Amino acid sequence: MCGIVGMVGDRDAVPVLIEGLKRLEYRGYDSAGLAVLHENDVALRRAVGRLSALESELAAHPLSGSIGIGHTRWATHGEASVRNCHPHAAAEGRLALVHNGIIENYQELKKDLTAKGILFSSDTDTEVLAATIADCQQDGADLLEALRCALSKARGAYALGLLSLDAPETLYAARLGSPLIVGKGSSGYFIASDVPAILPQVDEVIYLEDGEIARLTPAGVEIWNLAGEAQVLKWVKVEMEESAVDAGGFETFMLKEIHEQTRVLRGLMERYVMDGQIVLPELNMSVGHIRTLQRMMIVSCGTAYYAAMYGRLLIENYTSIAVETDLGSEFRYRSPKIQPGTLVATVSQSGETADTLASVQMAKGAGCPILTICNVFGSSLVRESDHLIYTHAGPEIGVASTKAFTAQLMCFVFLTLYLAEARGELTAETREELLAELQRIPTAIHRVLENKEHIRKIAEQHHDGPSSLYLGRRYNYPMALEGALKNKEISYQHAEGYAAGEMKHGPIALINESLPVICICTETEDEVAEKMISNVREVQARSGRIIAIATEGDTRLDDITEDIIFVPRICECMSPLVNVVALQLLAYYAAQARGTDIDKPRNLAKSVTVE
Ligand code: F6R
C-alpha cells in the first residue's frame, strides 16, 4: 500500500527511482509520480495507472537530477487522479513531499491553512502536510525545524520523503507507524518502504524507528528523534539475494512463490527442529511463563486470520490453553475481556497491517504479553512484540499470499509442540508422530505441484461461472475460507468459504448445476470424514458441480465426481498445509483462464498499512 523510494547520490536519480517504483508495484497502487531537483527547480512528473504511464510522461517530458523522491499511490483520500498523485508540492513549488500513511487531523490543519490564504489543488492529506511544512518555514525555521514543527502538529501515521530547493543537497525522511528504511551503497544514500525496492543499490540499511527524522546528503546520514536528539546510526548488512525478488523464470511471482513452498517449509524445519526437539530462538518465553498460560488470543487479518484459526484448533487440541481468534479490524473496536496475563498473538506476513498493529497496541495497554509470527524482520509488529517466531518465507511479492501462509501454518505446528512440551502435555510418542508427519509435508506438496496440469484442467472447466462455494470441516474449514479468498482475490470470481456443516443453514439454497462446489474431503478416519462425505452427497443431490480434494487411494468419491484432486495421505491436523497448495493452484489457473493481472490484482494492496 503506497510505496516510497528516494535517492541522493552521484548519478541520475530518475532511472533508480523508476526501478525502485517497479519493485514496489507489488504493494498495490493506482497512480505514481516522482520529483527531482532539476535545473534549480523541483520538477514533478505524475501519472494515473501503471508505471508505464509515468514512463511515457517522462519520455515526453524528460527529467534528470541526482536528488529525487518517487511514490506509488493507493488511493485513500481522493480518487486516483493526477492532481491527487504524489509527490505533492508546497511553498510555490519549492518543496515536494511523498507520504505513506494517513494524517488524521488533516481537515483541521487544512482549515487553518485555508484561513491563511493557502490554496490546495488536491483532496489529499499529504498536500496538507506539505503545506504545513511550508507554513512552519514561513516563521523563519530551517527545513529540518519546519519538518519537526509540522510533524508535531500532525496526528496519524506517516512514512515520508521530502526535498526542497531550500536544501538542494538534501533529502529528508521520517516515519511514524508506516515502514521506512534508509540505505547506503556505492552511488549514494537512499530511502524506501522496503529493502527489495533498493536492493541493487545498497549494501547496508537502517530501519527507521517511529518518531525518527533522517537527513540524507551526499556526505552521509544523520538521524534525530522528534525531540531533536541525535540518534546512533544502526546500519544492518543486507543479506537478501537478488534472486529472492525476481520471478526466476516463472510467468508470475505468485506461481514462483507457490513452487517455493517445498523449499521454504524444509528450511523452516531445518531451522526450528533440532534432534527431535522444537527450538524457537526468538520466542524468548520461559517454561514457567508457558506453564501459567491459560488464555491466548490470536489477532490478524485476511489470509493470516485463517492461519490463526488453524493455530487455534491445533493449540486447543494439544494443550489445555483456551484460544480465541479475532480479526484485527473487529478486535480493536470491541471491548475484549483480555486479562493482563492473556498471551496476545498476531500473525502477519508484512508485520505492518494497521488493524493488527492497533490491536497489539491495545493489548499491550491492557498489560498482555505479545507474541508475533511474522515474515518481515524489523517490521512494526516485530518491534512491538515480546516473543517472536519468524516465518522465513523470504520476500513475498505476489499480492495473494501463498508461501507466507503455509509458513505461518507450520510455525503454528512448532508453537503448539513447543507449548505442549513445556507444559508437560505432550507424550514423546505424539511428538514423534507429529514430527514424522511434518517431515513428509514438503514431499507431499511437491506431489501436488507435479499434478498441476490436472488442476489446471479442472480450473479451466469451472472458471466461467459467477460464483463458487468452498466447503471444509475442522482443520480444513479455515482452508475452505482461504481457498475462496484466493479465488476472489486473483480471479475476481465471487467465492464463498463455508463450514460444510453450516451448509444446510443457508448456502445450500445456492446450489444448482452451474455452481462449482470445492469440497475438501481429505479426512478419511473419523466422524468428521463421514460427515464431510454426507455434505458432498447433499451437494450432489442438488446437481452442484463438485470438485473434490481427496486422499490418494480414497474411493469414496468415485461415484460422485470425476473432478478429484488427489493429494498424499497426511494426518488431518497437518493436511491443510498440503490441501491449500491445491487450492492455490486452482485459484491461480482460474485467474489465468479469466485473464486477470495475477500478481497485481485490482484494488488490492500487499501490505495494508492504513485502516
Ligand atoms: C490475501 C492476503 C491478505 C493478507 C492480509 C494481512 O492473500 O495476502 O489477506 O493476509 O492483508 O496481511 P499481513 O499478513 O501482512 O498482516
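The values are calculated or read from the model by the stated rules, or taken from the named source; none is laboratory data. On a predicted model such as this, the values are computed, not experimentally measured, just so you know. Virtual Cβ from ideal backbone geometry, glycine too; neighbours counted across all protein chains shown. What goes into the accessible areas is simple: the full protein's heavy atoms, side chains included, and nothing from ligands, DNA or RNA. Shrake-Rupley method; radii C 1.70, N 1.55, O 1.52, S 1.80 Å.
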Exercise. Residue check: is Ala582 within 30 Å of Leu435 (Cβ to Cβ) and in contact (Cβ under 8 Å) with a residue 24 or more places away in the chain?
Worked result: yes
Exercise. Considering only the range 112-124, how many residues are open to solvent by 70 Å² or more (accessible area, probe 1.4 Å) and either part of a loop (DSSP other than H, G, I, E, B) or touching a helix residue (DSSP H, G or I) at 6+ places or on another chain (Cβ under 9 Å) (or both)?
Worked result: 4
Exercise. Restricting the first residue to the range 550-563 and requiring it to be outside any loop (DSSP other than H, G, I, E, B), which pairs with a second residue that is polar (S, T, N, Q) and open to solvent by less than 20 Å² (accessible area, probe 1.4 Å) meet a Cβ separation below 6 Å and a spacing of at least six or different chains?
Worked result: Thr551/Thr522
For this session: Take Leu471 and decide whether it is assigned by TED's automatic domain parsing to the domain that holds Met296, away from the ligand (no atom under 16 Å from the Cβ) and within 29 Å of the chain's Cα centre (by Cα).
Result: no
Exercise. Cβ-Cβ below 6 Å, separation at least six or inter-chain, first residue in the range 476-489 and open to solvent by 10 Å² or more (accessible area, probe 1.4 Å), second at pLDDT below 95 and of a type in the set (Ser, Thr, Tyr): which pairs?
Worked result: none
For this session: Please enumerate the residues belonging to the range 428-477 that are closer than 17 Å to Leu585 by Cα and of a type in the set (Lys, Arg).
Result: Arg447, Lys452, Arg456, Lys457
Problem set entry | Selection from the range 80-111 of residues that are aliphatic (A, V, I, L, M), part of a helix (DSSP H, G or I) and open to solvent by less than 10 Å² (accessible area, probe 1.4 Å) | none
Exercise. What single numbered condition from (1) over 14 Å from the mean Cα position of the chain (by Cα); (2) modelled with pLDDT of 95 or more; (3) closer than 21 Å to Val236 by Cβ; (4) not acidic (Asp, Glu) fails to hold for Arg383?
Worked result: (2)
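Yes/no matrix, rows are residues, columns are (1) assigned to a strand (DSSP E or B); (2) in the same structural domain as Gly398 (by TED's automatic domain parsing); (3) surrounded by fewer than 24 Cβ atoms within 10 Å (Cβ to Cβ):
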site	(1), (2), (3)
Gly20	no, no, no
Glu25	no, no, yes
Leu34	yes, no, no
Leu44	yes, no, yes
Glu57	no, no, yes
Gly65	no, no, yes
Gly78	no, no, yes
Exercise. From the set of residues in the range 573-611 that are in a loop (DSSP other than H, G, I, E, B) and either among the β-branched types (Val, Ile, Thr) or in the same structural domain as Leu265 (by TED's automatic domain parsing) (or both), which is nearest to the chain's Cα centre (by Cα)?
Worked result: Val608
For this session: Looking at (1) more than 23 Å from Ile67 (Cα to Cα); (2) of a type outside the set (Lys, Arg); (3) assigned to a loop (DSSP other than H, G, I, E, B), find the lone condition where Cys149 falls short.
Result: (3)
Exercise. Going by the structure shown, is Ala444 within 16 Å of the ligand (Cβ to nearest atom) and buried (at least 20 other Cβ atoms within 10 Å of the Cβ)?
Worked result: no
Problem set entry | For Val517: the one exception among (1) assigned to a helix (DSSP H, G or I); (2) at pLDDT 95 or above; (3) in contact with a Ser or Thr (Cβ under 9 Å, 6 or more places away or on another chain); (4) of a type outside the set (Ser, Thr, Tyr) | (1)
Seminar exercise, completed: All-but-one check, His88 against (1) in contact with a Leu (Cβ under 6 Å, 6 or more places away or on another chain); (2) modelled with pLDDT of 95 or more; (3) closer than 30 Å to Gly398 by Cβ, failing number (3)
Problem set entry | Matching residues in the range 571-611 - criterion: being open to solvent by less than 50 Å² (accessible area, probe 1.4 Å), away from the ligand (no atom under 12 Å from the Cβ) and more than 23 Å from Arg456 (Cα to Cα) | Cys571, Glu572, Cys573, Met574
For this session: Run Ile547 past the list (1) part of a helix (DSSP H, G or I); (2) more than 16 Å from the ligand (Cβ to nearest atom) and report the number of the one that doesn't hold.
Result: (1)
